[in-house]
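Input: a single structure, listed below in structure tokens.
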Amino acid sequence: MIWFGRTEKAKAEILNGHRLCLIRSNEDDVVIDLNQTTSITFVQIGEDSAPVFEGWWMIGTPAGAIVASDECFGLDSILRDGKVPAIEGVADKSILFLASRPSVMRGRAARDGVVRLDPTAATSLYAEGTVEAVGQITDMPVVA
């Protein structure tokens, strides 16, 4: 696992072929049924024309969204490798360009790289930046 300050980043695993589990060292694990996913967004922090220096994955669910740093061990490869059919089946895929990391993705709540957002907070996050729709996960940027 990757350390962020004094806290380990979460580790990602797939359970039963369609459930994404973000294993956290100091908090309850987060399990997302990818069959219930409503959207997948790559949140790029920084200028949209510059190389990506920080990226987060936002996975929309009926209950809001889970935002997880691309530094969470295994997450980036799980989402990009095409081996989880439920991910490719999500119609709403996009990139969200933000100039800086928003307050909901800072501090104690984000120290392990995982943040839960209610529907209002998830919608507000989209309003803070520029959204670009993409056709596939492979169209999303990669952190340099």
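The values are calculated or read from the model by the stated rules, or taken from the named source; none is laboratory data. Given the structure is predicted, the values throughout are model-derived calculations rather than measurements. Cβ atoms come from the backbone with ideal geometry, glycine included; neighbour counts cover every protein chain shown. Just the protein is used for accessible areas: all its heavy atoms, side chains included, with ligands, DNA and RNA removed. Shrake-Rupley method; radii C 1.70, N 1.55, O 1.52, S 1.80 Å.
Quick notes on this structure:
- When ASP48 is tested against (1) at pLDDT below 95; (2) assigned to a strand (DSSP E or B), exactly one condition is not met: (2).
- Residue match in region 117-129 (condition: in contact (Cβ under 8 Å) with a residue 60 or more places away in the chain and open to solvent by less than 20 Å² (accessible area, probe 1.4 Å)): yes
- Of all residues in region 93-107, those that are not aliphatic (A, V, I, L, M) have Cβ atoms under 6 Å from Cβ atoms of residues that are not in a loop (DSSP other than H, G, I, E, B), 6 or more apart or on another chain, in LYS93/ILE40; SER94/THR41; SER94/VAL131; SER94/ALA133; PHE97/GLN44; PHE97/THR130; ARG101/ILE45.
- Enumeration of residues in region 117-133 that are out of contact with any helix residue (DSSP H, G or I) (no Cβ under 7 Å at 6 or more places or on another chain) and outside any helix (DSSP H, G or I): ASP118, GLU128, GLY129, THR130, VAL131, GLU132, ALA133
Here is a yes/no grid of residues against (1) under 14 Å from the mean Cα position of the chain (by Cα); (2) farther than 16 Å from MET58 by Cα; (3) hydrophobic (A, V, I, L, M, F, W, C):
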residue	(1), (2), (3)
GLY82	no, yes, no
ALA86	no, no, yes
LYS93	yes, no, no
SER100	no, no, no
VAL104	yes, no, yes
ALA109	no, no, yes
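- Conditions (1) without any contact (Cβ under 8 Å) to a residue 60 or more places away in the chain; (2) surrounded by 13 or more Cβ atoms within 10 Å (Cβ to Cβ); (3) at negative phi; number of the one not met by ALA133: (2)
- Residues of region 27-40 that turn out to be touching a residue at least 60 places away in the same chain (Cβ under 8 Å) and closer than 20 Å to ILE137 by Cβ, as a count: 2
- Within region 11-26, if we keep just the residues that are surrounded by 15 or more Cβ atoms within 10 Å (Cβ to Cβ) and touching a residue at least 40 places away in the same chain (Cβ under 8 Å), the residue that is farthest from GLU88 (Cα to Cα) turns out to be ARG24.
- Taking the criterion of being open to solvent by less than 70 Å² (accessible area, probe 1.4 Å), farther than 18 Å from GLY82 by Cβ and in contact with a Pro (Cβ under 8 Å, 6 or more places away or on another chain), the residues of region 34-63 that qualify are GLN44, VAL52, GLY55.
- Scan of region 9-43 for residues that are in a helix (DSSP H, G or I) and more than 15 Å from the chain's Cα centre (by Cα), ordered by number: ASN35, GLN36
- For region 65-105, a tally of residues being among the small types (Gly, Ala, Ser), closer than 18 Å to LEU22 by Cα and either surrounded by 15 or more Cβ atoms within 10 Å (Cβ to Cβ) or at pLDDT 95 or above (or both) returns 5.
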